[in-house]
Amino acid sequence: MGITRFFHFIHSPSRRSVFGEYLKEIVYGANDGIITTFAVVSGFAGASGNVDSTLGVGVVVLFGLANLFADATSMGLGDFLSLRSEQDSYRSARAQEKNELGREPMNKKEETLRLFRKRGYSQEESYRMTDILAKNEELWLDFLMQFKHGESNSEEKPAVNGLVTFISFLIFGTIPLIPYFFASVDADASFVWAVVNTVIALFLLGLLRWRVTRLSPVRSVGEVLILGGLAAVIAYIVGILVG
């Protein structure tokens, strides 16, 4: 029974929605987009007390948009390079393991036995599962990579992940800036609406997190609001201190 469960664990695919598959990138990009844009807005508001001229509002929009696109690009490329590096590292380690399997199969069997015993399997079970793995080199390599190196083969696409981070940053990061697009709204009111929009954006991000993870809605939304709100408050305080 233990053997069946173990091999089912290795082979069982994870069924996730598109949002679930890219939840990390969405939350990562969206949260940073919201806070980074609000930092620009609150930095101007905190440093100057208020932005009371059309020129001042224009500066907020200009710096906000420049920062938005620059940081979105930076984060998207960073996510792409990070995942690409992880995959390159995995392939390199797997190639080394495959080479060692070909040269020292008995040593690898002993190593595999120890890994099974370390996880609580009996001597007999360990021998049986090691013999099974030895008949399938790819499965054996999967096992060694997961339980020896602590790595699993990522089927994620670096370019897609980077693009999702970029788009999430842009979409959510634009929300705090929206009030400044309306010339009829004065600077003080724009900042108040920017605060409201920031809270709304964090709330929507929390809802998305809850929809995908199915965790408690209070926890899903609350953690995003508290952590994002804390970062926003810090940004505003820094603006006041600079002023």
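The values are calculated or read from the model by the stated rules, or taken from the named source; none is laboratory data. Because the structure is a prediction, the values reported are computed rather than measured. When we count neighbours, we look across all protein chains shown, and the Cβ atoms used for this are built from the backbone with ideal geometry, even at glycine.
Values as computed for the structure displayed
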{"item": "Candidate set: the stretch 163-217, residues that are within 20 Å of residue 230 (Cα to Cα) and of a type in the set (Ser, Thr, Tyr); chosen: the one surrounded by the fewest Cβ atoms within 10 Å (Cβ to Cβ)", "result": "174"}
{"item": "Sole exception among (1) in contact with an Asp or Glu (Cβ under 9 Å, 6 or more places away or on another chain); (2) polar (S, T, N, Q); (3) closer than 29 Å to residue 31 by Cα for residue 107, by number", "result": "(3)"}
{"item": "Matching residues, the stretch 100-109, being of a type in the set (D, E, K, R) and surrounded by 12 or more Cβ atoms within 10 Å (Cβ to Cβ)", "result": "100, 104, 108, 109"}
{"item": "Output for the stretch 110-150, where each listed residue is within 15 Å of residue 98 (Cβ to Cβ) and loosely packed, with under 13 Cβ neighbours inside 10 Å", "result": "136, 138"}
{"item": "Residue selected from the stretch 113-168 under the condition of a type in the set (Gly, Ala, Ser) and at pLDDT 90 or above, by the criterion farthest from the chain's Cα centre (by Cα)", "result": "159"}
{"item": "Residue in the stretch 173-196 that is touching a Leu at 6+ places or on another chain (Cβ under 6 Å), of a type in the set (Gly, Ala, Ser) and assigned to a helix (DSSP H, G or I) present", "result": "yes"}
{"item": "Enumeration of residues in the stretch 151-172 that are part of a loop (DSSP other than H, G, I, E, B) and either touching a strand residue (DSSP E or B) at 6+ places or on another chain (Cβ under 7 Å) or not small (Gly, Ala, Ser) (or both)", "result": "151, 153, 155, 156, 157"}
{"item": "Qualifying residue in the stretch 101-120 (condition: within 24 Å of residue 157 (Cβ to Cβ) and assigned to a helix (DSSP H, G or I))", "result": "no"}
